[in-house]
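The values are calculated or read from the model by the stated rules, or taken from the named source; none is laboratory data. All values reported here derive from a predicted model rather than from experimental measurement. Positions of Cβ are generated from backbone atoms using ideal geometry, with glycine treated the same way; all protein chains shown enter the neighbour counts. Areas reflect the complete protein model, heavy atoms only, side chains present, ligands, DNA and RNA absent. Shrake-Rupley method; radii C 1.70, N 1.55, O 1.52, S 1.80 Å.
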Amino acid sequence: MIDNTLAYWMALAHAPNFSTRRKMEFLIESAYEKYTIQEALTKIKSHNKLGFNFTDIEWAGILESVNDLANYAFLAEQIEDQGIHTMNIWDIYVYPDSLKQNLKKGAPLLIYAKGNMDLLKKESIAIVGARKSSDISLKFTENLAKMLVKKNQVVVSGFAKGVDKMALESALEHNGQSIIVLPQGIETYKSKTYYQDIVKGNVLVMSIYHPKAPWSVGFAMHRNTIIYGLADQIYVAESNSSGGTWEGALDGLKRDRKIFVRKPESHEKNANELLIQKGATPVDFNGNALKNTTPEQGKLF
């Protein structure tokens, strides 16, 4: 049976020129416990702003989206036919509580997923790092993923080259489980590499972007925030002083998350030590926390 609310959630979640934070404020201030999502957006379509202080560009974006509800309804049917699950922010029983707690108003309104949904209920650990990471960073990632599997913890991966791919493949190689957070729409994910792992229940693939959205640099950067928000613990194998890993780690520190960073060797050229200076917790090759002896004059938060 088609979920007739899905088209409305899609229209809101993907409305252009309207940030997630502002959409969340709209839901909290003007819709929650007052209207169903259908009722709220039907009123919007009739040019009723429900008392919310939309900017002109936000109002134009939401009107554009609700006027496209027929196409969203068709897409919602396609998604269900493909066995893709959806979770909206009001689904208190299936939506990951970690995203709400860690991202607050920045939590995604709608999530698309394919695979074992029960993985969202298990303790999850993110191992992140630069695409072009050193051998020691990749070995650290492989070693840590193996240990996490022994603890029955789920490894969260961003599905990028380098550390992300190593974390995913090491977890599966040791009969573990993983959540892949895509930097693209779930319908554009065509890889058959992990098909059997999805079928066996060892992998969940998820995305917060429009189902047909192609990969983009912006999504790849933003996807790290979702990884950090979803995971119970975060380990950085290697970071540059810019890029998705760096920005994600800084965002996590600003949110008072505990970020574990591999203590670099003296000869390494990366930004791991800079993250430690900014408040991250250094760890050894096995992921054990080390005493931070780094001077804090460079700490920004």
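The mean sequence separation of alpha-carbon pairs under 8 Å and at least six residues apart, normalised by the residue count of the chain, gives a relative contact order of 15 percent.
For the stretch 1-84, applying the loop criterion from DSSP together with a ceiling of 16 other beta carbons within 10 Å to the GluC sites (Glu not before Pro) yields Glu33. In the full protein context, the stretch 151-205 carries 42 Å² of accessible surface per residue, based on a 1.4 Å probe and ignoring ligands, DNA and RNA. Taking a ≥ b ≥ c as the square roots of the Cα gyration tensor eigenvalues, with a/c under 1.5 meaning rounded and otherwise prolate when a/b beats b/c, else oblate, which class fits the stretch 144-238? Taking the square roots of the gyration eigenvalues as a ≥ b ≥ c, the stretch 144-238 is oblate.
For His47, His85, the ranking by accessible surface with the largest value first comes to His47, His85, using a 1.4 Å probe. So which of Lys132/Lys165; Lys139/Lys190; Lys121/Lys150 end up more than 20 Å apart, counting from Cα to Cα? Going by Cα-Cα distance, Lys139/Lys190 fall outside the 20 Å limit. What base-10 log of the normalised intensity I(q)/I(0) is obtained for the chain from the Debye formula, alpha carbons as equal point scatterers, at q = 0.06, 0.10, 0.12, 0.15 Å⁻¹? Here log10 of I(q) over I(0) equals -0.21, -0.57, -0.79, -1.13. At the residue level, Trp215 shows approximately 130 square angstrom of accessible surface with a 1.4 angstrom probe and all protein chains present.
Using heavy atoms of the protein chains and a probe of 1.4 Å, the accessible area assigned to Lys263 is about 70 Å². All alpha carbon pair distances within the stretch 187-301 were sorted into 10 Å bins beginning at 0; the resulting P(r) in whole percents reads 13, 37, 29, 18, 4, 0. Seen through its C-alpha gyration tensor, with square-root eigenvalues sorted a ≥ b ≥ c, the stretch 42-123 comes out oblate because a/c lies at 1.5 or above while a/b is not bigger than b/c. Computed from backbone phi, the HN-Hα couplings of the stretch 40-45 come to 4, 6, 5, 5, 4, 4 Hz, rounded to whole numbers (Karplus: 6.51 cos²θ - 1.76 cosθ + 1.60, θ = phi - 60°; Gly and Pro given as x). If the chain linking Lys132 and Ala289 were pulled fully straight, counting 0.36 nm for each residue of separation and taking away their Cα-Cα distance, it would gain 54.1 nm. Highest mobility in the GNM of the chain, judged by mean-square fluctuation with C-alpha springs under 10 Å and restricted to Arg22, Arg223, Arg257, is found for Arg22.
Taking all protein chains together and a 1.4 Å probe, the residues Asp91, Asp164, Asp118 rank Asp118, Asp91, Asp164 from largest to smallest accessible area.
When the alpha carbon gyration tensor of the stretch 1-76 is reduced to an equivalent ellipsoid, the three semi-axes, largest first, read 19, 14, 11 Å. Across the stretch 170-183, rounded Karplus estimates of 3J(HN,Hα) from the backbone phi angles (6.51 cos²θ - 1.76 cosθ + 1.60, θ = phi - 60°) give 5, 4, 6, 4, 9, 6, x, 10, 8, 10, 9, 9, 7, x Hz, Gly and Pro being marked x. What pairs from Lys105/Lys269; Lys122/Lys263; Lys254/Lys291 go past 24 Å between their alpha carbons? Check vs 24 Å cut-off fails for Lys105/Lys269; Lys122/Lys263. Among Thr42, Thr225, Thr141, the largest mean-square fluctuation in a Gaussian network model of the chain (Cα springs under 10 Å) belongs to Thr42.
For the stretch 77-181, the alpha carbon convex hull comes to 117 Å³ per residue, rounded to a whole number. Rolling a 1.4 Å probe across all protein chains gives Ser191 an accessible area of roughly 40 Å². Note on the chain: with a GNM built from Cα contacts shorter than 10 Å, the maximum mean-square fluctuation among Gly218, Gly201, Gly243 falls on Gly218.
Partners of Lys192 within straight-line reach, counting aspartates and glutamates whose Cα lies under 16 Å from its Cα and excluding those fewer than 8 residues away in the same chain: Glu169. Centre-to-centre, using Cα atoms only, the stretch 172-218 and the stretch 51-122 are separated by 17 Å.
The amide H of Val261, built 1.01 Å from its N in the peptide plane, has Val236, Thr281, Val283 as neighbours under 5 Å, considering only residues 5 or more places off or on other chains.
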